[in-house]
Each structure stands twice: as C-alpha cells, then as structure tokens.
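Colleague: The structure is given below, and queries will be raised subsequently.
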Amino acid sequence: MKSTDHHEHTGNWVEEAVREHEASLLRYATRLVGDPERARDVVQDTFVRLLKQPPERVNGHVVEWLFTVCRNRSLDVIRKESRMSHFADGEVETVRAREPRPGHQLEATEKRDAVLAMVDRLPPNQQEVIRLKFQSGFSYKEISRITELSVSNVGFLIHTAVKRLRQEMAAQQP
C-alpha cells in the first residue's frame, strides 16, 4: 500500500467520524464551554487530533475517544479562561437549535422541551452524565472513562437525576 492510499483511507475514516459525530460533539462542547464559537474550535481540534491517530488505535471506540478528547479540550479552555467557577456554579449557556417542525409534532416537541428544561436545572455533574447517557447513548463504563468518575459514581448521579426528573414530571401532571 502506498502512503498516499493510506492517507486517503485515513481521511475518509475521519470524514465519516466528522459526519456522524460533529453535531453531538458541538452540543456537548457548547454546554461545557458556554460559547458556540469556542466549542467549534474545541471540536475542530478534537478532529485534528483524531486525524493524527492511527485508525487501529481508536478502532471500535472512536465515539468514546472523541467525547473524552472533546471534554478534556473543553476543560482546558475553561481553565485557560479562568472560568472553572462558572462551570462549577452551573452557569453554562444553553444553546439549542430551533428547527421548524410539522404541527402534529408540536405536543411531542413541547414535552421534550419541558424535559430538557428540567435537565437544565439539574446540577452540572448530573446534567453531563444524563446527556451522555440519554442523548449520546454511552454506557456507564464509557461515561466513567469520559468523565473520569467511577462507574458507581456515574450510576449514582444518573439514578439521582432520573429520580428528581420523575418527581418533577409527576408534579407537573394535572
């Protein structure tokens, strides 16, 4: 195999990762750094780092690798800007793209938005694990590796958050 063939193969592999995961990484990074422009820089840097990895090194766990690198880069940005206190206090800007939706989906959209609003009120560590679990579909073990929390701590945070969300939803029922 010529080196150019290997490079093209790697490029295609990374392009596929960008297509599949860029949007969810942007949402995740925006929640962490609180700014869509900085988040875009973090995600671009994450994909640049992926490009430098031999495919066999991340094969089979590319999504977990991307989220871990994205999280670490986001925390670097926060630290560099001395914004850790804002993150710890939960003052993370909420950015949610509004897409036009057909009328028959309005009720489902309203319910989803109500649940997302409840998630926004959770403590930041619970928000993060809930989003990784239910929006990104990671297992407890994967979330543990991404966040550097123990698996039992991840489980406790998710359990506590889900319990609180259920109580809030029950309280909103007529």
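Colleague: Calculate the spin-label point distance for A23 paired with A117, positioning each point 7 Å from the Cα along the beta-carbon direction, and give it in nanometres.
Modeller: The two pseudo-label positions are separated by 2.4 nm.
Colleague: Note the full-extension length gain between T160 and N72 as 0.36 nm times their separation in residues minus their Cα-Cα distance, in nm to one decimal. Don't jump to the answer; show the numbers that get you there.
Modeller: Values: separation 88, 0.36 × 88 = 31.68 nm, distance 2.49 nm.
Going from the current span to full extension adds 29.2 nm.
Colleague: To continue, here is another question. How long is the gain from V151 to E16 if the chain were fully straight, where each residue apart is worth 0.36 nm and the alpha carbon distance is subtracted?
Modeller: Numbers: separation 135, 0.36 × 135 = 48.60 nm, distance 2.98 nm.
Here the answer is 45.6 nm.
Colleague: Net charge near R121, counting Lys/Arg +1 and Asp/Glu -1 over other residues with Cβ under 11 Å of its Cβ? Before the final figure, lay out the partial values.
Modeller: Details: positive: R164; negative: D120, E168.
It works out to a net charge of -1.
Every number in this text was worked out from the coordinates using simple rules, so none of it is lab data. All values reported here derive from a predicted model rather than from experimental measurement. In this analysis, Cβ positions are derived from the backbone assuming ideal geometry, glycine residues included, and neighbour counts consider all displayed protein chains.
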